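What follows is a set of notes on a single structure, which appears directly below.
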């Protein structure tokens with residue numbers, strides 16, 4: 001399928017699909033005419049990428065874990081280092097949450113004094 005059809009089926013803009021390709025997340029074949037050609041599995045891969053992005057992972061981390069992802073939800077085959085990568089990303093997210101909670105508490109304190 002061509003990029004327009006993948007965009008329509010996946011609900012992801014063609015510009016984003018080209019970005020995913022540039023980031024090494026999506027690998028289309030090239031036809032003789034130079035057009036990107038995607039197989040049926042590309043729809044699943046795009047949905048996996050979207051789910052991982054929504055979980056807060058960077059494209060760099062997604063590139064590392066994507067080979068170990070299966071299904072649209074996605075689920076992981078715990079390949080070498082994937083558990084460590086995901087544990088590290090969870091720790092980073094938890095630290096960001098703690099920082100935001102501290103900021104919220106400080107802001108609420110300012111408002112209480114006014």
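All of the numbers you see were taken from the coordinates with simple rules; none came from a lab. What you are looking at is a predicted structure, and each value in this text was computed from that prediction instead of being measured. Reconstructed Cβ throughout: ideal geometry from the backbone, glycine too, with neighbour counts over all protein chains shown.
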Point to revise | Acute angle (nearest 10 degrees) that the helix 82-112 long axis makes with the longest principal axis of the chain, alpha-carbon atoms | key: 40
Exercise for review: Just check the chain against the gyration tensor rule for me: Cα atoms, a ≥ b ≥ c as the square roots of the eigenvalues, rounded for a/c under 1.5, and otherwise prolate or oblate depending on whether a/b exceeds b/c.
Suggested key: prolate
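Given contacts defined as C-alpha pairs under 8 Å and at least six residues apart, what's the relative contact order of region 3-112, whole-number percent?
Values: 81 pairs, mean separation 19.4, N = 110.
The normalised contact order for region 3-112 reaches 18 percent.
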Point to revise | Rounded tilt (10° steps) of 41-54 against the dominant C-alpha axis of the chain | key: 10
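Which peptide among 30-36, 77-83 comes first, and what is the full order, when sorted by highest mean count of other Cβ atoms within 10 Å? Write out the running numbers ahead of the final one.
Values: 30-36: 9.9, 77-83: 11.4.
Packing proxy ranking, top to bottom: 77-83, 30-36.
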Check your understanding: In whole Å, what is the distance between the alpha-carbon centres of region 50-114 and region 13-44?
Key -> 26
Practice item. Work out the FRET efficiency for residue 35 and residue 64 from their Cβ-Cβ distance, taking R0 = 25 Å, and round it to the nearest 0.05. Key: 0.30
Exercise for review: Would you mind ranking 114, 10, 105, 58 by Cβ crowding within 10 Å, fewest neighbours first?
Suggested key: 114, 105, 58, 10
Check your understanding: Does a label point 7 Å from the Cα of residue 22, set along Cα-to-beta-carbon, have any residues of region 53-75 with amide nitrogen under 19 Å, and which are they?
Key -> 53, 58-64
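Add -39500 (n - 2.57) for each DSSP H run of 4 or more in the chain, then divide by its residues: what number comes out at 222 nm, to the nearest 500 deg cm²/dmol?
-19500 deg cm²/dmol
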